[in-house]
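Got a structure for you, written out below as structure tokens; questions coming shortly.
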Amino acid sequence: MRLNTTSQTRRIIQLVLCCIGSLICLIGITKLGLSRQQIFQIAGFSLPKVSLQGLLSSITMFCCILMVFIHYSHGSKAATFIIFFSLISSTSAIFRSHSLSALPGVISPIVSLTSILIIYHFYKKSTINSYTDLITGLKNRRKFLEELQDRIYSQKEFQIACLEIEDFKQLNDIYGIQVGDYILKECAKELKKSLGKKNSLFKITGAIFTIIFDGECDAEEFLFEAIKPKNFPLPLENDKKSDNHRTTVISFAAGIAKYPEHGTDDKQLFKKADIALAYAKKSSVSKLCTYTEELELAEIKQKEAEALIRESLENDYFYLVYQPQFTIADKKLRGFETLIRCKKPDGSIVSPALFIPAAEKSNLILKIDDYVLKRAMKEFKPVLENKGENYIISINVSAKNIGMEDFSSRVKAIIAETNFPPKCLEIEITEYSLAESLATTIKNINDLRTIGVKIALDDFGTGYTSIAQLMNLPINLLKIDKSLIDNIESNSNIRDLVDSVIYMGHIMNCEVISEGVENEQQIGVLKAHKCDFVQGFVWGKPVSFNDAVNFIN
Ligand code: C2E
Ligand code: MG
Ligand code: MG
């Protein structure tokens, strides 16, 4: 075992202190009036003829015991050497004196060595426990950091990776802690099997593993395969013997950091692999990520945005603005799209473009969506009661949210709580909702549509939904994205494309709205192509709640 300089110095100091301590003890006992012979008798040794030899060999052996804890192989070599030396000197003494009286000089080191081995046995056992993860039997975080220090000390290139089982908390909640432990054990076995002997695997905490890859190993290639989602058979439940088809899908996210490129000390390197892991976890593109400086900056920005969102939710910095939507034929008010804003204590307004993407990468988007749904319905309920239930309040909902099992029941609960007319509510989803969890999304959409809630597909034209998929979508409104509208007057290809999208929307039994419309020429083109509604700065910017109510009057 190689130790780094700090821990080596610390242990040498400990050793010196122990030696001094034991000498003080010996002197103390001598002061009690005990003779050297009595002391050695108390310690269980017979005093050799040459008592100084006995004293020295005992102290040397005591040092050996301590050495064992610093470096086992050095300590045991020293102990063997001393026994060998004592044997020779005792044998020569026996030969010289023709008597066996020199033998006790050998007994002392033998007794000491036996003690060393016994102590070492217990020490090793306790060390194994303190270096082992109890669930998987893998080396733990403490051992990981020590081995990391050792690798750094050797100054050879290597890579480390942090891997986390995705949605492990959810798996634990669904199947219980025992199955959770089983999953951890099996994952540990699988990873270990494919890793090979040169690379070390550790279990750090929760569902997080780390790997120290040998310099020659291609960490990315290994992890690319290891993190892929795999079908995972679950153990049979005792009470349900017939249920022998229980499987779940297990996948990992992983972050890589390289020595010395990304850091030259253990904590720095571990932190960078952890940053890469955090990024990979949130990414919808790749679940494997190698650390870069840009990534750390993005992570800092993400953390700042998350802090702002939490602060805003706690201190009510959020508020809503409403952008009017009109029928294109006669400029009649259709309703409003609800858009969130954040007003910081210094008076500055933060655009949702800055914090919504950060919220979507974390679960904070669920809180934001919940806030907007409640607040918009609460604000507009009395207005609709007074002015008639003829207006639509459209609310943006993240893909993550609508893909959750309980989404429709949560929306229904808010409708009930605010007593909002469901036919006046429209939920805006994006094409990403279809990429995330299509089946649950469609189930939620159908569930809400049965009570009269409308569904709009936002930002159409920016994603990659196939026509076949789109045709099967139970939506009411297709929102053509601003990027398609921008050049509609000047680019005949785009004009034809928008024309096809409107036509397609109508085939699907949907109404079509164009968003981001900024001038009357665009309105003219859209009218000619039979677009139903328009939303844009040309006829109305997002306004406060009071101004929105004035639109109705
Ligand atoms: P979106 O849902 O596509 O909203 C339309 C965005 O286009 C809004 O920006 C709106 O102010 C802007 N816009 C509308 N007409 C025009 C125009 O004629 N010209 C220009 N240049 N812009 C126009 P905003 O309010 O900054 O929102 C940006 C995005 O943030 C939204 O895009 C939506 O994806 C998200 N977002 C906003 N509010 C919420 C919310 O309450 N919940 C969720 N989940 N997302 C929200
Ligand atoms: Mg929208
Ligand atoms: Mg949009």
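Quick check on segment 368-382. Is at least one of its residues over 17 Å from Leu425 (Cβ atoms), more than 9 Å from ligand 1 (Cβ to nearest atom) and in contact (Cβ under 8 Å) with a residue 12 or more places away in the chain?
Within segment 368-382, none of the residues are over 17 Å from Leu425 (Cβ atoms), more than 9 Å from ligand 1 (Cβ to nearest atom) and in contact (Cβ under 8 Å) with a residue 12 or more places away in the chain.
Could we say that Asp447 is of a type outside the set (S, T, N, Q), in contact with a Ser or Thr (Cβ under 6 Å, 6 or more places away or on another chain) and within 16 Å of ligand 2 (Cβ to nearest atom) here?
So Asp447 does not fit the description; no.
A further question on this structure: Could you check Ala305 against (1) within 15 Å of ligand 1 (Cβ to nearest atom); (2) of a type in the set (Gly, Ala, Ser); (3) without any contact (Cβ under 8 Å) to a residue 40 or more places away in the chain; (4) buried (at least 18 other Cβ atoms within 10 Å of the Cβ) and say which number it fails?
Tallying (1) within 15 Å of ligand 1 (Cβ to nearest atom); (2) of a type in the set (Gly, Ala, Ser); (3) without any contact (Cβ under 8 Å) to a residue 40 or more places away in the chain; (4) buried (at least 18 other Cβ atoms within 10 Å of the Cβ), Ala305 fails exactly one: (3).
Restricting to segment 390-407, what's the tally of residues that are away from ligand 2 (no atom under 16 Å from the Cβ) and either surrounded by 14 or more Cβ atoms within 10 Å (Cβ to Cβ) or within 21 Å of Asp316 (Cβ to Cβ) (or both)?
So the answer is 4.
OK, next. Being away from ligand 1 (no atom under 16 Å from the Cβ) and out of contact with any helix residue (DSSP H, G or I) (no Cβ under 9 Å at 6 or more places or on another chain) is the filter; apply it to segment 466-489 and report the residue that is modelled with the highest pLDDT.
Restricting to residues being away from ligand 1 (no atom under 16 Å from the Cβ) and out of contact with any helix residue (DSSP H, G or I) (no Cβ under 9 Å at 6 or more places or on another chain), the top hit is Ala468.
Across segment 314-364, what is the total count of residues that are away from ligand 3 (no atom under 15 Å from the Cβ) and among the β-branched types (Val, Ile, Thr)?
Final tally of qualifying residues: 4.
Considering only segment 141-187, how many residues are within 19 Å of Asp274 (Cα to Cα), hydrophobic (A, V, I, L, M, F, W, C) and surrounded by fewer than 20 Cβ atoms within 10 Å (Cβ to Cβ)?
The total comes to 3.
Being of a type in the set (Ser, Thr, Tyr) and surrounded by fewer than 20 Cβ atoms within 10 Å (Cβ to Cβ), is that true of even one residue in segment 319-328?
For segment 319-328, residues of a type in the set (Ser, Thr, Tyr) and surrounded by fewer than 20 Cβ atoms within 10 Å (Cβ to Cβ): present.
Any residue that is closer than 30 Å to Glu221 by Cβ and not hydrophobic (A, V, I, L, M, F, W, C) - is there at least one of those in segment 297-316?
Checked against the condition, which is being closer than 30 Å to Glu221 by Cβ and not hydrophobic (A, V, I, L, M, F, W, C), segment 297-316 yields at least one hit.
Please enumerate the residues belonging to segment 510-522 that are under 41 Å from the mean Cα position of the chain (by Cα) and crowded, with 20+ Cβ neighbours inside 10 Å.
Within segment 510-522, Cys510, Val512, Ile513, Ser514, Glu515, Val517 qualify.
I want to confirm something. Restricting to segment 466-479 and keeping residues that are under 23 Å from Glu337 (Cα atoms) and out of contact with any Gly (no Cβ under 6 Å at 6 or more places or on another chain), which single residue is farthest from ligand 3 (Cβ to nearest atom)?
Only one residue tops the list, namely Pro474.
Every residue in segment 505-516 that is within 14 Å of ligand 2 (Cβ to nearest atom), in contact with a strand residue (DSSP E or B) (Cβ under 6 Å, 6 or more places away or on another chain) and either of a type outside the set (Asp, Glu) or at positive phi (or both), please.
Across segment 505-516, the qualifying residues are Ile513, Ser514.
Further question: Considering only residues of segment 412-465 that are among the small types (Gly, Ala, Ser) and buried (at least 19 other Cβ atoms within 10 Å of the Cβ), which is farthest from ligand 1 (Cβ to nearest atom)?
If we take residues in segment 412-465 being among the small types (Gly, Ala, Ser) and buried (at least 19 other Cβ atoms within 10 Å of the Cβ), then Ser433 is farthest from ligand 1 (Cβ to nearest atom).
Out of all the residues in segment 400-413, which are at pLDDT below 95 and over 12 Å from Asn444 (Cα atoms)?
Lys400
Out of the residues in segment 326-383 meeting the condition of being among the small types (Gly, Ala, Ser) and either outside the structural domain of Ala416 (by TED's automatic domain parsing) or within 30 Å of the chain's Cα centre (by Cα) (or both), tell me which one is farthest from Val517 (Cα to Cα).
That would be Ser362.
Shifting gears a bit: Got a sec? Which helices (runs of 4 or more DSSP H) wholly within segment 384-495 have at least 2 residues that are closer than 30 Å to Ile523 by Cβ and under 34 Å from the mean Cα position of the chain (by Cα)?
The helices (runs of 4 or more DSSP H) meeting that bar are 431-436.
Here are Val525, Val501: which of them is crowded, with 18+ Cβ neighbours inside 10 Å, without any contact (Cβ under 8 Å) to a residue 40 or more places away in the chain, more than 12 Å from ligand 1 (Cβ to nearest atom) and not in a loop (DSSP other than H, G, I, E, B)?
When all the criteria are applied, what remains is Val525.
The values are calculated or read from the model by the stated rules, or taken from the named source; none is laboratory data. Quick caveat: nothing in here was measured; it's all calculated off a predicted structure. For neighbour counting, all protein chains shown are included, and Cβ atoms are generated from backbone atoms with ideal geometry for every residue, glycine included.
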